[in-house]
1. Out of the residues in the stretch 85-102 that are farther than 21 Å from residue 23 by Cβ and modelled with pLDDT of 95 or more, state the one that is surrounded by the fewest Cβ atoms within 10 Å (Cβ to Cβ).
2. Just the residues that are more than 16 Å from residue 71 (Cβ to Cβ) and in contact with a strand residue (DSSP E or B) (Cβ under 9 Å, 6 or more places away or on another chain), please, taken from the stretch 117-134.
3. If you check residue 161 against the conditions, is it modelled with pLDDT of 90 or more, surrounded by 13 or more Cβ atoms within 10 Å (Cβ to Cβ), in contact with a strand residue (DSSP E or B) (Cβ under 6 Å, 6 or more places away or on another chain) and under 22 Å from residue 12 (Cα atoms)?
4. Within the stretch 107-116, is even one residue in a loop (DSSP other than H, G, I, E, B) and in contact with a strand residue (DSSP E or B) (Cβ under 6 Å, 6 or more places away or on another chain)?
5. Might you let me know whether the stretch 36-49 holds any residue that is modelled with pLDDT under 95, surrounded by fewer than 22 Cβ atoms within 10 Å (Cβ to Cβ) and either in contact with a strand residue (DSSP E or B) (Cβ under 9 Å, 6 or more places away or on another chain) or closer than 25 Å to residue 166 by Cβ (or both)?
6. Name the residues in the stretch 135-151 that are surrounded by fewer than 17 Cβ atoms within 10 Å (Cβ to Cβ) and either in contact with a strand residue (DSSP E or B) (Cβ under 8 Å, 6 or more places away or on another chain) or within 15 Å of residue 117 (Cα to Cα) (or both), would you?
7. Got at least one residue in the stretch 173-180 being touching a helix residue (DSSP H, G or I) at 6+ places or on another chain (Cβ under 9 Å), in a loop (DSSP other than H, G, I, E, B) and farther than 29 Å from residue 83 by Cα?
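The values are calculated or read from the model by the stated rules, or taken from the named source; none is laboratory data. All values reported here derive from a predicted model rather than from experimental measurement. Cβ placement follows ideal geometry from the backbone for every residue including glycine, while neighbour counts extend to all protein chains displayed.
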């Protein structure tokens, strides 16, 4: 189990393209939130759900520090709770994320301003990865200047590692069609 890093599930989104709460969508008989939470709990000694209104049994829900401000607000909320420890983030709508992928990104410990993110087919996936504690000041500065994209943090951080990942494992479910593609492949 990893104790040096906090696992944070970003669940505070509005699900505007989906039209309903993505954390409650089901794949293989389990909700997205429960599935990701179970995977995180197998890896991290401390797991939090950032935002949203649903929490798994024995889960810890923290309110978004800045509700409605996107994943950067969720990352900042998680970093506040982490108190100087690295934070591994994943959005709730990436239900096929595996323990192996999480561990490949979370180890070794991300110190200082180290960022280690997933990359799929040459495209950065900044919402699946670990952020060292030194990133908080960069993230806060970008947030205070009106920026809301986590991807923008990568422009100002020098130590960004990108780990090529299988695209199925970080398949992002944004629409009903995406959800149906996942069900067709893995079952309801």
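1. We begin by selecting, within the stretch 85-102, every residue farther than 21 Å from residue 23 by Cβ; these are 85-86, 100.
Imposing the further condition that a residue be modelled with pLDDT of 95 or more reduces the set to 85-86.
On the way: 85: 17, 86: 24.
Per the criteria, the residue is 85.
2. Scanning the stretch 117-134 gives 119, 120, 121, 122, 132, 133.
3. Details: modelled with pLDDT of 90 or more: yes; surrounded by 13 or more Cβ atoms within 10 Å (Cβ to Cβ): yes; in contact with a strand residue (DSSP E or B) (Cβ under 6 Å, 6 or more places away or on another chain): yes; under 22 Å from residue 12 (Cα atoms): no.
Judged against the criteria, residue 161 is not a match.
4. Restricting attention to the stretch 107-116, the residues satisfying the condition of being in a loop (DSSP other than H, G, I, E, B) are 107-114.
Subset that is in contact with a strand residue (DSSP E or B) (Cβ under 6 Å, 6 or more places away or on another chain): 110.
Yes, because at least one residue in the stretch 107-116 is in a loop (DSSP other than H, G, I, E, B) and in contact with a strand residue (DSSP E or B) (Cβ under 6 Å, 6 or more places away or on another chain).
5. Initially, the stretch 36-49 is screened for residues modelled with pLDDT under 95, giving none.
No, because not a single residue in the stretch 36-49 is modelled with pLDDT under 95, surrounded by fewer than 22 Cβ atoms within 10 Å (Cβ to Cβ) and either in contact with a strand residue (DSSP E or B) (Cβ under 9 Å, 6 or more places away or on another chain) or closer than 25 Å to residue 166 by Cβ (or both).
6. The first filter runs over the stretch 135-151 and keeps only residues surrounded by fewer than 17 Cβ atoms within 10 Å (Cβ to Cβ), leaving 137, 140-141, 144-149, 151.
Listed by number, the residues that qualify are 149, 151.
7. Of the residues in the stretch 173-180, the ones touching a helix residue (DSSP H, G or I) at 6+ places or on another chain (Cβ under 9 Å) are 173-174, 179.
Retained after the next criterion (residues that are in a loop (DSSP other than H, G, I, E, B)): 173-174.
Then keep just the ones that are farther than 29 Å from residue 83 by Cα; that gives 173-174.
Within the stretch 173-180, one or more residues are touching a helix residue (DSSP H, G or I) at 6+ places or on another chain (Cβ under 9 Å), in a loop (DSSP other than H, G, I, E, B) and farther than 29 Å from residue 83 by Cα.
So that you can scan it fast, the table gives a plain yes or no per residue for (1) assigned to a helix (DSSP H, G or I); (2) in contact with a strand residue (DSSP E or B) (Cβ under 6 Å, 6 or more places away or on another chain):
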residue: 65; (1), (2): no, no
residue: 72; (1), (2): yes, no
residue: 76; (1), (2): yes, no
residue: 88; (1), (2): no, yes
residue: 97; (1), (2): no, yes
residue: 103; (1), (2): yes, no
